[in-house]
Structures are given as C-alpha cells and as structure tokens.
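Q: Okay, here's the structure, questions in a sec.
The values are calculated or read from the model by the stated rules, or taken from the named source; none is laboratory data. Bear in mind that the values here come from a model prediction, so they are computed numbers and not experimental data. As a convention, Cβ positions derive from the backbone with ideal geometry for all residues, glycine included, and neighbour counts pool all protein chains shown. Side chains included, ligands, DNA and RNA excluded: accessible areas come from the protein's heavy atoms. Shrake-Rupley method; radii C 1.70, N 1.55, O 1.52, S 1.80 Å.
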Amino acid sequence: MTSFIWIVPYNVDMATKDSMGSIETGGAVQIFGGSSTAVNSFGTFLDTVQRGAHLERGGEDIQSVLLRFVAERGPARIADLVAATGFRLSEVLESLRILREFGLVALVGQLGDERVEATQSGASTASAIR
C-alpha cells in the first residue's frame, strides 16, 4: 500500500467527491488523498486527468455527446462512437448502458453488426439539450 496526495490543476468547476476522497477547491485545483496500490493510484490519477480533458472540451457529459451523435447522424457502431468522440471504450460502454436504462437509445441490427440508435424519446431529449 502506498499513501499519496495529488494536486491536479483543474479549470472547470465540478462538485464531485469520489471514493478516493477528492475535494474540489473552487475550480483551481483538485486534491486527492488516500491509500492504494501504485497501479490503482496511477489509474485513478489518469482517469481524473482524462475526465478533466473531456470536460474542458465544452463541459458536456459523455451521455449527452453520444445521444446527440446518434440522434443527429443515425445508428452508429460502438467503434464509430469511440473514434468520433475520442472517449475511451469503457466510458462509451458505461454511458450507453445508462442511456439504454433510461430508454434513450437501443441496440439494433444483426448479431455482430449491432448499432446504437436513438429512440423516439432519445431524439426528443437530444433536441432539448442542444
């Protein structure tokens, strides 16, 4: 086990607190502290930096970006969503799971050639969040 403290520059305001005990300090820096293995510590740090980079692209959450993408451009393969948005595969898959739970997207097509498609409710929601 390794103890750690990271101070990461942050230019977006986020009011989040994760299991590692992150503390937002006015949008200037984010402080992390806790104990973990070196691999988990670096993974947490990397995830935080990547999340910050995505948010700096306009402050939109991943679900909104994905929903608008399939609503505006039609059904898309998951690989196409990853390539077009620049989000990591794990982020895309988790976001699609959430969108499916709320009935905003559906998987369509033959096995092996499934695509993500906005439902009618999803298309309406995408229009509302533009």
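Q: Would you mind computing, in nm to one decimal, how far apart the modelled labels at PHE102 and ASP61 are, each placed 7 Å from Cα along Cα→Cβ?
A: Inter-label distance under the simple model: 0.6 nm.
Q: Pulled fully out, how much extra length does the chain show between ALA83 and ASP113, if you take 0.36 nm times their separation in residues and subtract their Cα-Cα distance?
A: On the way: separation 30, 0.36 × 30 = 10.80 nm, distance 1.66 nm.
Length gained between ALA83 and ASP113: 9.1 nm.
Q: Still on this model: Run the accessible area of region 62-127 with a 1.4 Å probe and give the carbon-and-sulfur part as a rounded percent. Mind dumping the intermediate values first?
A: Details: 1930 of 3650 Å².
The nonpolar share, carbon plus sulfur, comes to 53 percent.
Q: What's the extension gain from ALA128 to GLU72 if we count 0.36 nm per residue and subtract their Cα-Cα distance? Before the final figure, lay out the partial values.
A: Values: separation 56, 0.36 × 56 = 20.16 nm, distance 1.26 nm.
The span from ALA128 to GLU72 would gain 18.9 nm if fully extended.
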